[in-house]
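Beneath this line is the structure, given in structure tokens, with notes to follow.
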Amino acid sequence: MIERVLIVDDEPLARERLATLVRAHAPEAAIREAGNGAAAIECIQGWAPDIVLLDIQMPAGTGFEVVESVGVEKMPPTVFITAHDEFAIRAFDVAAVDYLLKPFDDDRFAAAWQRVSARHGTGELVAQARVMSNLLSSAGATGSRSSASSNAAPAWTDRLVVKQDQRTIVVMLSDVQWMESDANYVVLHSGRDRFQVRETLTSLESRLDPRRFMRIHRRFIVEIRAMKELQPWFGGDQVMILRDGTKLRVSRNYRATVARRLAGEI
């Protein structure tokens, strides 16, 4: 049973709305509010809330700094709240921590509440600590890293966060067959589904595991397991035929690399 909920946000109206939503799901719970990071740290350490709804960008300590100060092992189950997509994308890259992206509707809050309540109810504090540790490391909130960790293999992105209308969708890259550039967006093709991400293809490529994805054209990146065969095309180009029948052009600039990859030479 959830008995104590801490709401942390520097905007009074935001705190008021969150309190109303919490009361709808946990009418018997005691609610406290904090308007900045310093007050949040004091309340978490002194009051020990069961759940924390934590804004990221605040005066006197960001949400990341709150977690660092309290300690990942001592943080209650937490839902992070932000108006900035980049924080959510970074978080989902490293762990399945739930986020509320402002503006969010009542249904989205209900889904987040259900998840964080389940974590509290099952006592998964060890898992929560591990998630928080990864999140802080990704955000750079824990300071400089050791030389050993700096030489470690990079953590490639395995999921992307996509906003569609009022929904926030987590797209696992294991379900994506290919990607295409569309101006300042990337369209992810996952079976019959299409998801649009506001990012350039080159930027996304830098975060993809090269063992799984490869660029075949300035506009296309393909998941290697989705490839079926190559066929000749006009002007020295080729056509990549995917297992679902999709045909994508392979430009001359990438032809040799694609051939070597398919042959297992790189």
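Being of a type outside the set (A, V, I, L, M) and surrounded by fewer than 12 Cβ atoms within 10 Å (Cβ to Cβ) is the filter here, so list the residues in the stretch 183-192 that pass it.
If the condition is that a residue be of a type outside the set (A, V, I, L, M) and surrounded by fewer than 12 Cβ atoms within 10 Å (Cβ to Cβ), then 184, 191, 192 are the ones that fit.
Output the number of the condition that residue 156 fails; it satisfies all remaining conditions of (1) modelled with pLDDT of 80 or more; (2) in contact with a Leu (Cβ under 8 Å, 6 or more places away or on another chain); (3) part of a loop (DSSP other than H, G, I, E, B); (4) buried (at least 17 other Cβ atoms within 10 Å of the Cβ).
The failed condition is (4).
Can you go through 241, 169, 221 and tell me which one is part of a strand (DSSP E or B), modelled with pLDDT under 90 and either on the phi > 0 side of the Ramachandran plot or not small (Gly, Ala, Ser) (or both)?
Of 241, 169, 221, the one residue that is part of a strand (DSSP E or B), modelled with pLDDT under 90 and either on the phi > 0 side of the Ramachandran plot or not small (Gly, Ala, Ser) (or both) is 169.
Under 7 Å between Cβ atoms, at least 6 apart or on separate chains: pull out the pairs that start in the stretch 28-46 with a residue that is touching a residue at least 24 places away in the same chain (Cβ under 8 Å) and end on any residue that is β-branched (Val, Ile, Thr) and part of a helix (DSSP H, G or I).
Here the result reads 29/22; 31/22; 37/66; 40/66; 41/66; 41/70; 44/70; 45/70, each pair linking the stretch 28-46 to a residue that is β-branched (Val, Ile, Thr) and part of a helix (DSSP H, G or I).
Only one residue in 206, 181 is over 28 Å from residue 110 (Cβ atoms), of a type outside the set (A, V, I, L, M) and either at pLDDT below 90 or under 12 Å from the mean Cα position of the chain (by Cα) (or both), so which one is that? Outline the logic, then answer.
Working: 181 fails: either at pLDDT below 90 or under 12 Å from the mean Cα position of the chain (by Cα) (or both).
Only one candidate qualifies: 206.
Considering each of 24, 88, 39 in turn, give the residue that is modelled with pLDDT of 90 or more, crowded, with 18+ Cβ neighbours inside 10 Å and either assigned to a helix (DSSP H, G or I) or in the same structural domain as residue 204 (by TED's automatic domain parsing) (or both).
Only one candidate qualifies: 39.
Quick check on my filter: what residues within the stretch 3-18 are part of a helix (DSSP H, G or I) and surrounded by fewer than 16 Cβ atoms within 10 Å (Cβ to Cβ)?
Listed by number, the residues that qualify are 12, 13, 16.
If you check residue 61 against the conditions, is it loosely packed, with under 15 Cβ neighbours inside 10 Å and assigned by TED's automatic domain parsing to the domain that holds residue 105?
Numbers: loosely packed, with under 15 Cβ neighbours inside 10 Å: no; assigned by TED's automatic domain parsing to the domain that holds residue 105: yes.
No, not satisfied.
Restricting attention to the stretch 210-253, report how many residues are of a type in the set (Val, Ile, Thr) and either in contact (Cβ under 8 Å) with a residue 40 or more places away in the chain or loosely packed, with under 12 Cβ neighbours inside 10 Å (or both). Break it down into steps so the answer makes sense when it comes.
As a first pass, look at the stretch 210-253 and keep what is of a type in the set (Val, Ile, Thr): 216, 221-222, 224, 239, 241, 246, 250.
With the extra rule that they be either in contact (Cβ under 8 Å) with a residue 40 or more places away in the chain or loosely packed, with under 12 Cβ neighbours inside 10 Å (or both), the set shrinks to 216, 221-222, 246.
Residues in the stretch 210-253 being of a type in the set (Val, Ile, Thr) and either in contact (Cβ under 8 Å) with a residue 40 or more places away in the chain or loosely packed, with under 12 Cβ neighbours inside 10 Å (or both): 4 in total.
The values are calculated or read from the model by the stated rules, or taken from the named source; none is laboratory data. Note that the structure is predicted; figures quoted are calculated from it, not measured. With ideal geometry, Cβ positions are generated from the backbone for all residues, glycine too; neighbour counts draw on all protein chains shown.
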